[in-house]
1. Given the condition in contact with a Leu (Cβ under 9 Å, 6 or more places away or on another chain), loosely packed, with under 15 Cβ neighbours inside 10 Å and not charged (D, E, K, R), answer yes or no: does some residue in segment 38-60 qualify?
2. Filter segment 233-278 down to residues that are touching a residue at least 40 places away in the same chain (Cβ under 8 Å), among the acidic types (Asp, Glu) and out of contact with any Phe, Trp or Tyr (no Cβ under 8 Å at 6 or more places or on another chain), then give me how many there are.
3. Looking only at segment 208-229, decide whether some residue is of a type outside the set (Lys, Arg) and at pLDDT below 90.
4. Given the criterion part of a helix (DSSP H, G or I) and modelled with pLDDT under 85, identify the matching residue among Ala78, Ala57.
5. If I ask for residues that are touching a Lys or Arg at 6+ places or on another chain (Cβ under 6 Å) and assigned to a strand (DSSP E or B), which ones from segment 224-255 would you list?
6. Restricting segment 126-136 to residues that are of a type in the set (D, E, K, R) and touching a residue at least 24 places away in the same chain (Cβ under 8 Å), which is surrounded by the fewest Cβ atoms within 10 Å (Cβ to Cβ)?
7. Would you check which residues across segment 1-44 are under 19 Å from Ala282 (Cα atoms), of a type in the set (A, V, I, L, M) and without any contact (Cβ under 8 Å) to a residue 60 or more places away in the chain and list them?
8. For segment 1-35, which positions are modelled with pLDDT of 90 or more, closer than 13 Å to Ala61 by Cα and aliphatic (A, V, I, L, M)?
Amino acid sequence: MQVSEIAALAGTLVDEVEKAIVGKRHTVEMSVIALICNGHLLIEDIPGVGKTTLAKALARAIGGEFRRLQFTPDLLPADITGSSIFNQQTQRFEFRAGPIFGNVVLVDEINRATPKTQSSLLEAMEERQVTSDGETRPLPSPFFVIATQNSVEMTGTYPLPEAQLDRFFMRLSMGYPGRDEEVRVLMDQRIAHPLESVQNVITLPQLVEMQHAVREIFVHEAVREYLVDVVRATRESNQLIMGSSPRGSLYLMRGAQAMAAMQGLDYVRPDDVKAVAPAILAHRVIARAEVRVRGSSSEQVIERILEGVPAPIPVS
């Protein structure tokens, strides 16, 4: 697949999802980047800003099977992966697949479940498979998890372990809509939900081909060294207790490749790295208490690190 095709298909996908998500083009673009990088997306925000609508719109636009998991404190791992049930007619145990078996899986309020249940997603997200009753079963391809998370200040939440946070390709926040956008939302939903107007614009085989093709985008050695320097700077920053893992370096390169491809470029620029770095690295670091007290977010710390790491001259 040519870069121009990737850019055209990604642009079409963004435009289609925007029919349901008003005034959040950047969020939609970043979500599409996570999708074509074959990663997973964590959305942290307050209820009611469109997180579920975004997941449903993406599933409709790619023609994938949509599944929804509502995480609650009493949810068990078997409720996610599935379990074997004895069939009285055949006198045999039969596996009943859980809701994790889908192309786009919405894990709603992931931090309301217990750590044991949260950890049941690790194998599915990383290895695209589920092990149940001693048997390993592959998940559909493509497989894209969109998890929503309430702010940790809200009651009834369990913090996600660092190992699970690291499995997410990027973390985003929807945020409140602007005044004009909120007025438009009221207008658009007077009669029907705009989600109903979202159509299937690309096929699943096309999406899988995009996921493979985006990895062919050229990354110059100087740009690779630059993004590694950015990640290493998170480990050396006096504002952070913990820096990003090497998986962050890999995902940062993948995200920059996708950002370049969406703009019709067959090579990665330092600006592409800067554009995706906060969303890909911020949830992989832990800010010091005094930094949080001052009101600085992990994203802002990453932005300051980007300002301090010298970028190479753009090359092609």
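1. No, because not a single residue in segment 38-60 is in contact with a Leu (Cβ under 9 Å, 6 or more places away or on another chain), loosely packed, with under 15 Cβ neighbours inside 10 Å and not charged (D, E, K, R).
2. Final tally of qualifying residues: 1.
3. Taking segment 208-229 first, the residues of a type outside the set (Lys, Arg) are 208-214, 216-223, 225-229.
Remaining after also requiring at pLDDT below 90: none.
No - not one qualifying residue is present in segment 208-229.
4. On the way: Ala57 fails: modelled with pLDDT under 85.
Ala78 is the lone residue from the list that is part of a helix (DSSP H, G or I) and modelled with pLDDT under 85.
5. Ile241
6. In the first step, residues of segment 126-136 are kept if they are of a type in the set (D, E, K, R); the result is 126-128, 133, 135.
Subsequent filtering for residues that are touching a residue at least 24 places away in the same chain (Cβ under 8 Å) retains 126, 133, 135.
Numbers: Glu126: 14, Asp133: 12, Glu135: 9.
Ranking the candidates gives Glu135 first.
7. Val28
8. Matches in segment 1-35: Leu9, Ala10, Leu13, Val14, Val17, Val28, Val32, Leu35.
The values are calculated or read from the model by the stated rules, or taken from the named source; none is laboratory data. Given the structure is predicted, the values throughout are model-derived calculations rather than measurements. As a convention, Cβ positions derive from the backbone with ideal geometry for all residues, glycine included, and neighbour counts pool all protein chains shown.
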